[in-house]
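The values are calculated or read from the model by the stated rules, or taken from the named source; none is laboratory data. Because the structure is predicted, anything quoted here is derived from the model rather than measured. Please note: Cβ atoms are built from the backbone with ideal geometry, for glycine as well, and neighbour counts cover all protein chains shown. Heads up: the accessible areas ignore ligands, DNA and RNA and are worked out on the full protein's heavy atoms, side chains in. Shrake-Rupley method; radii C 1.70, N 1.55, O 1.52, S 1.80 Å.
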Amino acid sequence: MATSTMNIELSETLGPNQNGNSMPHVEETIKAKNWLLLIINCALVFCGVIGCPLLMRLYYLHGGSRKWLTASLEAAGFPVLIFPLIFLYIKSKSSTQNNDQSASFCMEPKLFLWSAIVGIGYGVAHFMYAWGFSYLPVSTSTILSATQLCFTAFFAWLIVKQKITAFIINAVVIMTLGSVLLGINTDGDRPIGVSKAQYLLGFLLTLAASVLCGFMMPLIELAYSKATRNITYATLLQFQITLSLFATGLDVIGMLINKDFQAIHREADEFGLGKSKYYMILIFTALTSQLASVGFLGVILYTNALFIGIYGSVLLPFIEVAGVIFFHESFTGLKGMALALCLWGFSSYFYGEYKMMKKAGNNKSAVEKIDEKVENEPKRSDDQEAPYNNTV
């Protein structure tokens, strides 16, 4: 999406070369830049998606219990984005003398409204995730969160008209079955001190949060498509800041009602790992979550909503292993079967995408061969065509 937009703008700005074609070496540079940004954003998602659940579980395991507090942490780290935003502004201002640079640098009002709507939705999802994480082990909550791919695929088809193949449908069915298996295993998998009712509540809340986040991903892609100006990385950061501001505002209201601010100091004194580590966990949770959020927006910008759903789910095995290593969580046979079903679903999606790309490549090659054949055919002269026409 973004690659084609940038290439079109490049052709319009620089114009054709002497042969009447767009400058190929510059287009290749732009594409390479997009791939680099995509890789960077994927790395941000990797760090955030793995680090945030582990830190949140660490908070709950050692005495933390404020759900609105942990929900707000998932968006409260947005002030750190001001620094790269200032850097991009100074860089853009020094690289051009355009008087309208400041106006074009700012996010357009339409995107501001979209980011506010998405931010409120994420504020609700953050609370449901936080509540669910307090009752579930990392491995179970992570596999449940992986069902977000199913809902992302459905809403992508509904909202942005994403093409849904048989392989995607197969992935949705298989992964849903995997989450049902997790819901059955409510006895041997429960953390100490968590009742069966609390486990089921955590299960349902995490699943509901996955539905809501699955709806938000295509909504972000739709917001990008509604923009009238090219979306730069500075625009993306402004979108994330606005989104986080509204999400944090919603969760802070919950903290005020639940009197979480008054409880933070007392909870820090009673925290199992000590007061200093308590605040460190809160700070690093906010930072890692913000990394993941920026990465998600960037990957959607340079690919699409369905791809980020797939990529986020691919990280599932890494989080599973981390939960077993750091928290010594049990990895039961039923949980292994659910994980295998999820991986099977991912494989189905990737295989379907591979077949579509291969088919598109074959079609392109066939068209190129036909064009080459037509170009190489000898053209008849008027003297050769005249007898044929007379005969007809």
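Per-residue answers, yes or no, for (1) modelled with pLDDT of 80 or more; (2) open to solvent by less than 80 Å² (accessible area, probe 1.4 Å):
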| site | (1), (2) |
| --- | --- |
| LEU291 | yes, yes |
| GLY298 | yes, yes |
| THR303 | yes, yes |
| ILE308 | yes, yes |
| LEU334 | no, yes |
| LEU339 | no, yes |
| MET356 | no, yes |
| GLU368 | no, no |
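Scanning for something on the phi > 0 side of the Ramachandran plot, out of contact with any strand residue (DSSP E or B) (no Cβ under 7 Å at 6 or more places or on another chain) and either modelled with pLDDT of 90 or more or small (Gly, Ala, Ser) (or both), does region 74-93 turn up at least one residue? Within region 74-93, none of the residues are on the phi > 0 side of the Ramachandran plot, out of contact with any strand residue (DSSP E or B) (no Cβ under 7 Å at 6 or more places or on another chain) and either modelled with pLDDT of 90 or more or small (Gly, Ala, Ser) (or both). Within this structure, ILE264 fails the test of being under 27 Å from the mean Cα position of the chain (by Cα), surrounded by 13 or more Cβ atoms within 10 Å (Cβ to Cβ) and assigned to a helix (DSSP H, G or I).
Taking LYS259 as the residue in question, decide whether it is surrounded by fewer than 20 Cβ atoms within 10 Å (Cβ to Cβ) and over 23 Å from ILE117 (Cβ atoms). Taking the combined requirement at face value, the residue satisfies it. Within region 193-231, the set of residues being open to solvent by 10 Å² or more (accessible area, probe 1.4 Å), under 17 Å from the mean Cα position of the chain (by Cα) and polar (S, T, N, Q) comprises just one member, SER225. What pairs come up if the first residue lies in region 296-309 and is within 11 Å of CYS42 (Cα to Cα), the second is aromatic (Phe, Trp, Tyr) and open to solvent by 30 Å² or more (accessible area, probe 1.4 Å), and their beta carbons are under 7 Å apart, counting only those six or more places apart or on different chains? These pairs meet every condition: VAL299/PHE307; VAL299/TYR311; ILE308/PHE296. Residues in region 227-243 that are at pLDDT below 90 and touching a Phe, Trp or Tyr at 6+ places or on another chain (Cβ under 7 Å): ILE231 alone.
Would you mind stating whether LYS110 is outside any helix (DSSP H, G or I), out of contact with any Cys (no Cβ under 7 Å at 6 or more places or on another chain) and surrounded by fewer than 24 Cβ atoms within 10 Å (Cβ to Cβ)? Spelling it out, it is not the case that LYS110 is outside any helix (DSSP H, G or I), out of contact with any Cys (no Cβ under 7 Å at 6 or more places or on another chain) and surrounded by fewer than 24 Cβ atoms within 10 Å (Cβ to Cβ).
Filtering LEU287, LEU273 for residues that are in contact with a His (Cβ under 7 Å, 6 or more places away or on another chain) and open to solvent by 10 Å² or more (accessible area, probe 1.4 Å) leaves a single hit, LEU273.
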